[in-house]
Amino acid sequence: MSDNTRIINIVANDNALSLETKRVLKQRLEKDNFIISKEFDNNAELIICIGGDGSFLRTVHTYNFPRIPIIGVNTGHLGFFQEISPNQLDEFIFKYNKGDYKIQTLNAVCAEIVTKNKKNYLYGINEIGIRSDKAKTIHLNISLDDSFLERFSGDGLLIATPAGSTAYNYSLGGSIVDPRLNLLQITPLAPINTTAYRSFTSSVIVPPEITIRIFPENTFEKSILIISDGMEHRFDEIYEISLYLSNTQVQVLRLEKYDFWTKVKRKFL
Ligand code: NAP
């Protein structure tokens, strides 16, 4: 292969519109001398993900937070990460060839999970959720670095990135955050705030240099469910979960006219 070989990975979910969009896109890109690899190629210059936000998140996790820029074609429902629609393929290729785009860098939240035997790491572009594995109240002691914040009681907590602020976080009453800001949002799931248990009922927002340290009360919670971008992981006897904004990133390719707040208005109002 010559040095100027330009490879693109196309990843599509299996709905009919996505598969048809993939076929058309492949044909058009090949006309412009791009190579569309059969298998995911780590030397590709771009990933095109066809589907909804769910497909976008799955692609990022399946290929382990690739460093290759990624653009989404929305054939899903909401398509908040997705940049273009199937009828904008020509416009996209034209602008891509001209270099008429920008790259939005999104940092993942990392959860370092310390159990009796082992340290485990999970990453979320949207969020990491922590909840009881059973239909029981969960009790979580939260510190910000070494400063104790609260003993949370309720269904659980969500630690959302700015990119994830419009997802589950928003349904829980959390704030929408401009992704140009670097911060993490701790959003409660059904917090109990009575004379028996006292938990903050609103989100708490912390700067990126702070580590959120969560100590589950293992007398009640033997097994805890940790959810990264909708994917479930179970751990027994967790001693501590540390969460912070990590250097693991996703590079999202945006066309020049992309504006976060225009998108928020279009999708939510
Ligand atoms: P899913 O069915 O893939 O997603 C649920 C909805 O969230 C879909 O409409 C999806 O858009 C949208 N979404 C995902 N990321 C978004 C973002 N950054 N901004 C705005 N909307 C976004 O659900 P899943 O597989 O369980 O989990 C994937 C994500 O969905 C999670 O990371 C979580 O944030 C979110 N979720 C939300 C709720 C809720 O709001 N009650 C519950 C569970 C999970 P598309 O339609 O384009 O796929």
A careful count of residues in segment 35-78 that are touching a helix residue (DSSP H, G or I) at 6+ places or on another chain (Cβ under 7 Å) and aromatic (Phe, Trp, Tyr) gives 0
Residues in segment 159-172: is at least one open to solvent by less than 20 Å² (accessible area, probe 1.4 Å), touching a helix residue (DSSP H, G or I) at 6+ places or on another chain (Cβ under 9 Å), within 16 Å of the ligand (Cβ to nearest atom) and farther than 19 Å from Gly230 by Cβ?
-> no
Of the numbered conditions (1) touching a Ser or Thr at 6+ places or on another chain (Cβ under 9 Å); (2) charged (D, E, K, R); (3) closer than 20 Å to Val264 by Cα, Asp53 satisfies every one except a single condition; which is it?
-> (1)
Give segment 133-158 a look and list any residue that's of a type in the set (Gly, Ala, Ser), more than 15 Å from Gly230 (Cα to Cα) and open to solvent by less than 20 Å² (accessible area, probe 1.4 Å), or say none.
-> Ser143, Ser153, Gly154
Pairs under 7 Å by beta carbon, first residue assigned to a loop (DSSP other than H, G, I, E, B) in segment 34-62, partner polar (S, T, N, Q) and open to solvent by less than 10 Å² (accessible area, probe 1.4 Å), six or more apart or different chains?
-> Ser37/Asn9; Phe40/Asn9; Asp41/Asn9; Ala44/Asn9; Gly52/Gln82
Taking the condition open to solvent by less than 50 Å² (accessible area, probe 1.4 Å), within 15 Å of the chain's Cα centre (by Cα) and at pLDDT 95 or above, does Leu46 pass?
-> no
Output the number of the condition that Arg58 fails; it satisfies all remaining conditions of (1) open to solvent by 80 Å² or more (accessible area, probe 1.4 Å); (2) within 23 Å of Asp259 (Cβ to Cβ); (3) within 16 Å of the ligand (Cβ to nearest atom).
-> (2)
Go through the residues of segment 71-82 one by one and say whether even a single one is more than 22 Å from Leu122 (Cβ to Cβ), open to solvent by 70 Å² or more (accessible area, probe 1.4 Å) and without any contact (Cβ under 8 Å) to a residue 24 or more places away in the chain.
-> no
Taking strands (runs of 3 or more DSSP E) that fall entirely within segment 187-264, which contain at least 1 residues that are surrounded by 19 or more Cβ atoms within 10 Å (Cβ to Cβ) and of a type in the set (Val, Ile, Thr)?
-> 204-206, 212-216, 223-228, 238-255
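The values are calculated or read from the model by the stated rules, or taken from the named source; none is laboratory data. Treat the numbers as computed from the prediction; the structure is a model and nothing was measured. Backbone-built Cβ (ideal geometry, glycine too); neighbour counts: all protein chains shown. Note: accessible area is taken over every heavy atom of the protein model, side chains too, but ligands, DNA and RNA are not part of it. Shrake-Rupley method; radii C 1.70, N 1.55, O 1.52, S 1.80 Å.
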